[in-house]
Amino acid sequence: MIYDVIQHIIQSFPYAVTEIALVIAFLVLMLIDMIQLKDKALWSVVLTVAVAFYGAGEELQQLFDRTSFQEVVYFQHLFHRTPFTLFVRVLILLLGALSAVYLYLSPMGVYWKNRGETYLLLLAIIAGGLISISSYHAMPLLLGIELMSIASYILVAARITAASGEAAIKYLLYGAFTTAITLFALSLLYPTAGIHIFHPDWATQFLESSFPFKWLVLTLFFSGLLFKISLFPFHPWTPDVYQGSDWSIIQIIALLPKMAVFPILLQWAALFGAIDVFVGGLSLLVLATIIVGNTAALHQSNVKRWVAWSGVAQTGFMACTLVMTGDQAQLSLLFYLIVYLFSLPAALMILDYFESKYQAKEVDNFNGLGKKEPIGSVIFVLSMANLIGLPPTAGFYSKVYIMTTLWSSYLEQDEILYLILLLTAVAATLVSLYYYLKIPYALFFKASEKKTILTSISGSTVLFVILISILPLGIFFQPEWLSNWLRVIVAFI
Amino acid sequence: MIPITLYFIVGAVLFAIGTTIVLVRRNVLFVLMGIELILNAASINFVGASQGDYIKLSGQMMTLLIIVIAACEAVVALAIIMVLFKKAGSVDLMELKKLKEF
C-alpha cells in the first residue's frame, strides 16, 4: 500500500521537472544575492531567463510527444496534465522570461534590477502560475494563487515609500479578503461536491446537490480568481496599486496573473458552460466590468491610473468569451490573451522611457514629445492601435474573433444576452478610441512645453524589449497561423 | 460524534463577525483580524466536514493550507504596516489618501 504510494510519487516527478528547476534556480539566485559580484543583476537575469527557457523547452517536448494527448493525473490526484495545461505553462514561462528582460532593461527600474529579491519574487510568481494552472484539486490551486499574490504584495511594497506602502496595503487587504471568502465558500462546497474541482464529476455533483444557496456560494468561490484578473466587483485595487508602483512592477502584476487565471476560468467555463445561471451571472459581471473600466479610463489624467483602468476594460473584453461555450470562444480568448499580454510590454516600456527622460507622469507632460522621440512615438501609436483593435495590428483580429463569436452565439441560441454583450463591446471599442489616442494626440498635435531634460538614457536597450514585444502585432498578416494552432489546443480542454 | 451542522453554525457566525469587522472597521490591524476570523471559519468548516472523508482527509489538508496562508499573509501585512506607519504616519484606511481614490 505505502510502497505503491511512494512508487506513484516517484513516477510523478518527471511531470514536475519545471517546478523543480524553478526551485533550484531560486536557491542559486539566493546564493548569488549573498555573494558580492560585479554584475549581479546580469547574472540574475541570465539565470532567470535560462531557467524559464529550459522549462518552456521541457514543456514543449512533452506537448509534442504523442503520449501527452491523454490526460495524466499525478501526485495523488493533486495535479493533472493535458495539452492545454502544457500549452499555458509554456506561455507563462515565456512571459516570465520577457518580464525578467524588461526588469533588467527598464529605464526607471535601476532600483529593482540591482536587488536580488526582485528576481526571487518573479520566480515565485512564475511558479505560482504553473502550480495553479496544473492543479486538479483545490489545494494546489489556492497554493499557486497565494504564491502569486503574496509575492506581488512584497514586490509592490519593496520600494519602501509612503505611496508604495499604501498601494501594497490596499492590494493586500483586497487580496486577503477575497482569498478568505474563496476558502470559506470552498469549505461550504466541500461536503456537497468534493474537492477535486477540475474533475468533470465535480460540476455534475454540484448541480445535483440540494444545497440551497449553491449559486451564491459558487460566486463567492470565484472571488479570489476574479480579484487576480480584476473583474468588476473586485477591481478597485487596480488603479491605486498601479499608481503606487514602478513600471517594472506594473508589468509583472498586470501580465503574469492574467496569463495564469484566465485559462483556469476557461476550464471551469467549459464545465459549467451550458447552465443559464452561470452564464447569466457571469455576463452581468462582464458587462459591468466593460462599462466601469471604459468610463473610468475616459477621464484619467495620470498615466499609470489610465493604464490600470484600460486594463480593467480589456479584462472585461476577454471575459466576454467565458460566457460562451464552444471551441471558437475558447480559441478567441487564447488568441486575445497571447496578442494582448505579449505586446503590452512594448507600450509600458515606452511610457517607462518617457517617464525616466521627461518626467512624464501626466498626460499633459507628453505634449509635443513626438518630434523629439519619433521612433518611440510611432511604436507607441502602433501598440495603442493594437489595444483599440485597428487594422495593421493583430489586435484587430482578437477583437474580430470575439465579436463574431458573440454574433454567432446569438444567432445559434437566440439569447438576447449575447446581443447586449456584443453591442456593449462595440460601443466600448468606440469609446476606447478616445482614451487610447489621448497620448498619441498629445505627442504629435500639441505644442511642446519648455522642459529641461534630466537624464540621458540610451534608447537602444529600450528598443530591444520593444522590438521583442512588438513582434506579436505581425500576426495580423497571418492570423490563421496562430488560430490553427489554438484550434488544436482547445480541443483538449 | 458532533454533527457537522454544529460546526457549520460556528463557522457561519465567525464568518459573519469577520466580514462585519472588515467592512466596518477602518484601522488596518482590525481589518486584518477580521480576515483572520474568516479564515478560521473556513478551517472549522473544513475540519468538521472532513468527518465523512476518512481516507483522503482533504479537509485536514486544506486546514493546514489555510494556517500557512494566514501566517504568510500576517507576516507580509505586519511588515507593510510597519513601513506604512513610519512613512505615512498612520495605519487608518481613511487617512491613506495619497493615491487618488477614483
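The values are calculated or read from the model by the stated rules, or taken from the named source; none is laboratory data. Bear in mind the structure is a predicted one, so any value in this text is a computation, not a measurement. Positions of Cβ are generated from backbone atoms using ideal geometry, with glycine treated the same way; all protein chains shown enter the neighbour counts.
Looking only at region A:77-91, residues that are within 17 Å of the chain's Cα centre (by Cα) and either in the same structural domain as A:L337 (by TED's automatic domain parsing) or of a type in the set (A, V, I, L, M) (or both) come to 4 in all. So which residues in region A:274-294 are under 22 Å from the mean Cα position of the chain (by Cα) and not β-branched (V, I, T), if there are any at all? Correct list: A:L282, A:S283, A:L284, A:L285, A:L287, A:A288, A:G293, A:N294. Only a single criterion out of (1) in a helix (DSSP H, G or I); (2) surrounded by fewer than 23 Cβ atoms within 10 Å (Cβ to Cβ); (3) facing another protein chain (nearest Cβ under 9 Å) is not satisfied by A:I160, namely (1). Give me the residue from region A:50-95 that is assigned to a helix (DSSP H, G or I) and of a type in the set (S, T, Y) and, out of that set, surrounded by the fewest Cβ atoms within 10 Å (Cβ to Cβ). Filtering region A:50-95 for residues that are assigned to a helix (DSSP H, G or I) and of a type in the set (S, T, Y), the one surrounded by the fewest Cβ atoms within 10 Å (Cβ to Cβ) comes out as A:T67. In the set (1) over 17 Å from A:I181 (Cβ atoms); (2) more than 9 Å from chain A (Cβ to nearest Cβ), B:V24 fails one condition alone, (1). Hey, any hits in region A:164-178 for a residue that's part of a helix (DSSP H, G or I), closer than 17 Å to B:K98 by Cα, facing chain B (nearest Cβ under 7 Å) and not hydrophobic (A, V, I, L, M, F, W, C)? Yes, region A:164-178 has at least one match. The requirement of being out of contact with any Cys (no Cβ under 7 Å at 6 or more places or on another chain), buried (at least 19 other Cβ atoms within 10 Å of the Cβ) and modelled with pLDDT under 85 is fulfilled somewhere in region A:277-288, by at least one residue.
If you check A:S209, A:S152 for being crowded, with 23+ Cβ neighbours inside 10 Å and small (G, A, S), only one passes: A:S152.
Restricted to region B:60-80, and to residues there that are within 7 Å of another protein chain (Cβ to nearest Cβ) and among the β-branched types (V, I, T), the residue that is farthest from A:P140 (Cα to Cα) is B:I80. Residues being within 11 Å of chain A (Cβ to nearest Cβ), at pLDDT 90 or above and over 22 Å from A:H137 (Cα atoms) are entirely absent from region B:38-59. Quick one: A:M324 ticks every box in (1) under 16 Å from the mean Cα position of the chain (by Cα); (2) within 20 Å of A:T424 (Cβ to Cβ) bar one, so which box is it? Among (1) under 16 Å from the mean Cα position of the chain (by Cα); (2) within 20 Å of A:T424 (Cβ to Cβ), the lone unmet condition for A:M324 is (1). The condition of being under 20 Å from A:L93 (Cβ atoms), surrounded by fewer than 13 Cβ atoms within 10 Å (Cβ to Cβ) and of a type in the set (V, I, T) holds for only one of A:I9, A:I24, A:I35, that being A:I24.
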